[in-house]
Every structure is written in C-alpha cells, then in structure tokens.
Amino acid sequence: MAAQRPIPVYTNLTDLYNNLGTSLNHSVRWNDLAEEFRKRFGRKPAYIARAPGRVNLIGEHIDYALFGVLPAAIERDILIACGPRSVPASLPTQETHHSPGSVIAENLHTKYTRQEFAPARKQSSSKEVGEGEIHVEGWHLDINTQELRWESYVKAGYYGVLNHYFSSSASSNADAAESPIPVDLLVTGSVPAGSGLSSSAAMVVASTLAFLAVNGKLDEKLKSLTADDVHHLTKGELVKMSMENEKRVGVNSGGMDQAASVISDASSALYISFFPALKATPVPLPAGSVFVCANSLVVADKAVGAKRGYNLRVVETLVGARVLAGALGVTVGERERITLREVVGRLLGEGKGEELDVGELQRGLERMGKEVEVLRPKDVPDGGELGVTMREMIELSGLEKDVFGEVYLSWVEVEATHFQLYKRAKHVYAEALRVLQFRQTCLDVAASSGSSTALESLGRLMNESQTSCAELFQCSCPELNELTQLARNAGAYGSRLTGAGWGGCTVSLVAEDKVQSFIDQIRDTYAPYKGLEGEALSEVIFATRPSSGACVYKFD
Ligand code: NG1
C-alpha cells in the first residue's frame, strides 16, 4: 500500500526530475535554491526537502465526518535546502546559534526575515508511579498561535522530530550524539498562502522532512522500536508526524492535507479514507483533463472566523450524527462523539475494525440521502428556518445539558443562533456519495470502460458539490459563486470551491486544449483580475497537473 512505502530519497537529478511530475521550470528552482544556500551559508546544502500543496478535487468538509476525499498534490511546492552547521568546540554553547539543535532559518522571499532559534529542554510535568518517579519531559519551541509567522511552520515541523527522536532529559545534554544538531536552512515556496491549497501543510511536511534528513533519521530505527534493523521512515509515518506537528500551529486537521502532500503519485489523484484507519490509494485522472486553480482573492481567516465557520461546522456535523443515530435506532455511548460515517456503518451492521466495501458504502449513502430527512424540522414552510436553537439541539441530542456541553462544546468555541443539523448532514452524505461516483468514473476511464462523456460527468459532480457547499454547507461566498459561474461560462466542465471555503481558491475541470482560452476569459471577466499579466496573472490563476508527493534530494 502507498502509505507503507519509504519516503523517496534521490541522489541523482535525472531520477528526481523524472519522478516529480512537474515541469522543467520548477527544476530550475532547485538549482537556484542550492546556489543561494551556498552563497548565504558558505557551503552547499546537504539536502533539499520538498512538499507540495494540494487541491481537493471533490469531497469538501467531509474528512472530519470520516468520509473519503479526493485531493491531488499540485506542482506548486515548498522547498527547504538544509545542512548541518558545524560549531567549533571552542565557541560558547550558551549563544542561541551554538546550542544543541539551534536553527538559522532564511527565506528566499524578502518579506520573510532571517530567524534564529533553539529548542529548549522543558520539564512539563512529573508524577509518582509506585516507588519510582516518572518525569514527563518535552522540547519547547516558541510558537505564538495567535500571531503565526513564517518560521512558526518551520518550528512546528521541528517539534515532532525533537520529541520522537531526542531525549529531552538534561542528562543527555552531555551526550552530543543524543542531541539534535545545529541546522541552517533556506526556504522557498510557490504555494500561495491562505488560498485553500494547503501551503501550511506543505510547510510543515517539508520542515519535518528537512529536520529528519539533517539529523539522519530517515533511515534509523524509531526510539520506540527495539529491533536492531534499520527502519526506513514510511510515508504513512510522515503523515502522522506532520499531522501532530501541525497541531502546534493550532490546527486540528483531519489528515487530508498532509496525506495528499506526502503520499500522492504524479498523474493521479488520491482517494483518502479515514475510517477505520487512514488509507490512501491513487486514482488515475482521465487523459486530456486539466485542473485550473483560480484564487478568488478573498482571504478567509480560518482561525478568526472559526467559531461561526469551520469549528461550528464540525460541531453541527457531530451533533447531527448523534441525533440521526437516535432517530434511526443506532446505539451511541453517552459520551461518544459518533460521526456521520459511523452512523451509516452501524446502521448497516459494520463491526468494530471492519470496513464496508465501496459498493456497500455507496448503497448506504444512497439510503442516507433519504434517511437524513428525519433531521428536517417538521412543518417548516419553504424558505423557513431549518436550524434549531441551542436549547432545541440539546433536547434533540437526548443528553443532559452538562454532558452535552462536555462532549460537544468543551473543546471548541462556537457561536450561532441556529444550528443547521439537517442541512450539514444532508451535504455530507451527498458529497461523500459524489466522491465515490467521481472516483468510479475515473477508474472506469482508466480501465477503458468509461464513456466519452466522462469529463462531463466529473464536471457535473463538481458543480453539484459547489451548489451543496453554497446552499447546504454555507461555506462559499459571493466571489466564489461568481468565479465558479464564470468558469462554467468560459467552458469548464465543472467548477467548485476547494478547501475550507469562505474565500480562497476554486478548482475547474478544463479540456487540455482549452486551458489558455479559459484563463484568458476568466482574466477578462473576473473583475479583481482585470489588468493582470504574466507572473502576476499566473500567481492567481494557473493550470496544474497532479504531482508526486514529498521527497528529499541528497547532495553527494
Ligand atoms: P484548508 O482550509 O483548505 O486547509 C480545511 C481542512 C481540511 C478539510 C477542508 C474542508 C485543515 C488543515 N484543513 O482545508 O482537513 O476539512 O478544510 O474540506 O484544517
């Protein structure tokens, strides 16, 4: 399985470029970065770590309901050139850049200034166990989640490497082999920030990989393993580590972004399922299809808008799942946060650790499209309020107020006068079904049993997804609605928002031979693009092919 494969480490440029699935002008960036590293640090880098951004082709806001999604890694990526910094023994170690694991981080983009930081050994807690005392210690790096800066993502990637591989106990201070080594690094990125293309996941994955490489941990045994054999870090392990690391910048992510950035194959999308465990399989995309990303230029601040946006949706879908389970006679533990995926499974008799096959899941989702109507408040006229108040929601859940608060509200801040349990669940089940249909259409085309209308079918599913995101999930915005409509007018088979929404990018499916005229027409019709040319235009609208996932290049 793809997640079991080791992280590719290339030592030969031809192999690297053949495997990247990116065009040649991207490879020029690798040489320029290595050259710039040499100029700034006086030696060539030891490694370049690469992690791509991702575009979600279909399956929005369903990963945290544990339904499968279909993203693809994009050509745009983060590259980090890095190398160990030798510190002469005569120099004082109390200076930041000489202490164990200290980092000098530079960015090719001039607006991101040079940073120096060093991890600190921190004793976070201790407790008595029997006669002995266990010290729970960890590493500390300063990250202010209220005010994230570019190096916050570099630090987030470093965290997992420190805590997985290096003892933070002070005694190991004396043992240089047990200490992280000082690192110089230089970052460059081509994933537009804050646009729904997962620049943050790409930064965290690339940073995790860079620190693993420099510290020689890509092919070493993990601390927890007792066997003597060499362990090559797998893609699945890097996904897990990067997910944990991204929590350091305050994001409780579902895993879609990191899995897409790490596991993707060139020329394929990735079907990622989360239940009963994270699994990813490549899905070939039909020849002649190109996905065009277009930035609405509306910046959605996910962190600031979360209590009425992202986090509220997470709570609504979870409470909707409990209420639906109750109405359908599905058993749920009192303090269990059942998901919409688990409701279908239990309804169809799926046992613990078992997994419905794709056909069963598809039939289950078709059934849920009807069953979900029990969540629709009765006697509401067309256009009337379909949401419920907090009091009504607690009553529907069947839980005591304090238990409800503990299970659904204690870990997240939300704000709403009405909670849309019906609309959100209806979107999730229909969107999960569209993902399976999209996937099947692609597989049929690859097996040559697809019809010549496959691109139309894929486009139709994307358009339905956009309508559902706008009307039921309410995560679109006027600019995204306009841009997706302009895309259809300009000849796209289908167009939809991608990522969390409320701003950021759209993705449109366009015939290969129409890409240039499509981009020209969007430039001429979407007002914020008027007058943009050349690089400024390709910053906001660009065609992309699926690219391969994260990798490392090792210099001799
Ligand atoms: P963006 O905002 O594009 O990174 C977010 C979540 C995804 C998924 C989508 C909606 C994070 C890091 N990512 O994506 O897991 O839920 O929204 O489909 O929170």
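The values are calculated or read from the model by the stated rules, or taken from the named source; none is laboratory data. This structure is a prediction, so every number in the text was calculated from the model and none was measured. FYI the Cβ positions are ideal-geometry reconstructions off the backbone, even for glycines, and counts take in every protein chain you see. Side chains are part of the model used for accessible areas, which takes the heavy atoms of the whole protein and leaves out ligands, DNA and RNA. Shrake-Rupley method; radii C 1.70, N 1.55, O 1.52, S 1.80 Å.
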Quick calc, LYS111 & ASN31: beta-carbon distance into FRET formula, R0 25 Å, rounding 0.05, result 0.60
The stretch 242-265 scanned against label point 7 Å out from LEU148 along Cα→C-beta; backbone N under 18 Å for 242-262
P(r) of the stretch 420-556 over all Cα-Cα pairs, 5 Å bins starting at 0, rounded to whole percent, reads 2, 9, 16, 19, 19, 14, 11, 7, 3, 1, 0, 0
Computed curve, the chain, Cα-only Debye sum without solvent term, log₁₀ I(q)/I(0) at 0.05, 0.06, 0.07, 0.12 Å⁻¹, is -0.22, -0.31, -0.43, -1.22
Cα-Cα longer than 29 Å, checked against LYS155/LYS426; LYS111/LYS247; LYS122/LYS307; LYS111/LYS235, kept in input order, equals LYS155/LYS426; LYS122/LYS307; LYS111/LYS235
Karplus-derived 3J(HN,Hα) from phi for the stretch 326-331 (6.51 cos²θ - 1.76 cosθ + 1.60, θ = phi - 60°), whole Hz, x at Gly and Pro, runs x, 5, 9, x, 8, 6
Heavy-atom accessible area with a 1.4 angstrom probe orders LEU365, LEU396, most exposed first, as LEU396, LEU365
Output row, site GLU512, 7 Å Cα→C-beta label point, backbone N cut-off 15 Å, window the stretch 422-456, residues 446, 455
Counting as exposed only GluC sites (Glu not before Pro) in DSSP loop states with no more than 15 other Cβ atoms inside 10 Å, the longest exposed-site-free span of the chain is 416-532
The chain: relative contact order from alpha carbon pairs under 8 Å, six or more residues apart, as a whole percent, is 23
Those trypsin sites (Lys or Arg not before Pro) from the stretch 363-439 that are DSSP loop and have at most 11 other Cβ neighbours within 10 Å turn out to be LYS378
Low-density loop trypsin sites (Lys or Arg not before Pro), the stretch 472-556, at most 15 other Cβ within 10 Å, DSSP non-H/G/I/E/B, are LYS530
In nm, the gap between the two label points placed 7 Å beyond Cα toward Cβ at HIS164 and ALA277 is 1.6
Residue by residue through the stretch 475-481, the couplings from Karplus 6.51 cos²θ - 1.76 cosθ + 1.60 with θ = phi - 60°, in Hz, x for Gly and Pro, are 10, 9, 7, x, 5, 5, 4
Heavy-atom accessible area of the chain with neighbours in place, 1.4 angstrom probe: carbon+sulfur share in percent works out to 50
On the formula 1/(1 + (r/R0)^6), with r taken between the Cβ atoms of GLU392 and ARG43 and R0 of 41 Å, the FRET efficiency rounded to 0.05 is 0.05
In nm, the gap between the two label points placed 7 Å beyond Cα toward Cβ at SER448 and HIS232 is 3.3
Between the modelled labels at GLN362 and ARG376 (7 Å from Cα along Cα→Cβ) the distance in nm is 2.6
Note: the stretch 432-473, point scatterers on Cα, Debye, no solvent; log10 I/I(0) at q = 0.19, 0.26, 0.31, 0.33 Å⁻¹ equals -0.55, -0.84, -1.03, -1.10
